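Report on one structure; see the data block that follows.
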Amino acid sequence: MFEDKNGDGVFNTLDQNQLVNLDPKFYGGLMNTISYGQLTVGILFDFRKQKGNSYITSLPNAPGYGLINHPQTMLARWQNNDAEYQRYVAAATDPAYQAAQRFASSDGAIVDASFIKLRNCYINYHLPMRKKTWVQAVDFFLTAQNLLTFTRYEVADPEIQNPFITSPMQTTSLGIKFVF
């Protein structure tokens, strides 16, 4: 429900007030390393309980107005009464355009952006040399970053909250380390 806070008969930015705190309620991580014989496995989970802006707030215009691609979730647009997103608009004079702009600046566009991420994972196998050589040991390792994200936040990375910005890269490294 929109309210004309200053009583001038116009809904605009002067009627807005901040009601939602987007700071994380809590955050943390869980790290564990397990070793068995020559094998070592390590993981790091990162979590955050927070609210964030929905996809609608990142759009420069109302859905359908302007030439930008939309994610698949926008297929749930208005076609019946229980749609997740409003109908597309083709003109700024359409009442749905103003409704979309108002919605994007309201607390209706605030969603749960909580997440749990598997930030880092590594596996290492340490192979000591049995005979006396100039190489004392060889380590075989596999490391990976940003492997999994568990979230209900749609469209973008919940850490970034903008589908037009690249989320943290998923990287994997495989290697051999010689110990002299």
- [ ] For region 1-65, state which chymotrypsin sites (Phe, Trp or Tyr not before Pro) are in a DSSP loop and have at most 16 other beta carbons lying within 10 Å of their beta carbon.
- [x] F2, F11
- [ ] Provide the net charge surrounding G52, with neighbours chosen by a C-beta distance below 15 Å and charges set as Lys +1, Arg +1, Asp -1, Glu -1.
- [x] 0
Task: Cut-off 20 Å (backbone N to label point 7 Å along Cα→Cβ of N32), residues of region 90-118 - done: 115-118
Task: Shape metrics for the chain, restricted to C-alpha atoms - Rg then Dmax, Å - done: 24.8, 88
Task: Paramagnetic label zone (point 7 Å from Cα along Cα-to-C-beta, T93; backbone N under 20 Å) in region 37-74 - done: 61-67
Open item on the list: Once you order the gyration tensor axes a ≥ b ≥ c over the Cα atoms, which shape class does region 99-152 get: rounded for a/c under 1.5, otherwise prolate or oblate by comparing a/b with b/c?
Closed with: prolate
- [ ] Calculate, in whole percent, how much of the Cα-Cα pair population of region 55-109 lies beyond 15 Å.
- [x] 44
Task: Theoretical ellipticity at 222 nm over the chain - DSSP helices of four or more residues, -39500 (n - 2.57) apiece, nearest 500 - done: -1500 deg cm²/dmol
TODO: Using label points projected 7 Å from each Cα along Cα→Cβ, tell me how many nm separate T143 and N6, to one decimal.
DONE: 5.4
TODO: For region 161-175, just list the computed ³J(HN,Hα) in residue order, Karplus coefficients 6.51, -1.76 and 1.60, θ = phi - 60°, integers in Hz, with x standing in for Gly and Pro.
DONE: 6, 8, x, 9, 10, 5, 6, x, 5, 8, 10, 9, 10, 10, x
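Each value in this text was obtained by applying a stated rule to the coordinates, not by laboratory testing. Predicted model only: the values in this text are computed from it and were never measured. In this analysis, Cβ positions are derived from the backbone assuming ideal geometry, glycine residues included, and neighbour counts consider all displayed protein chains.
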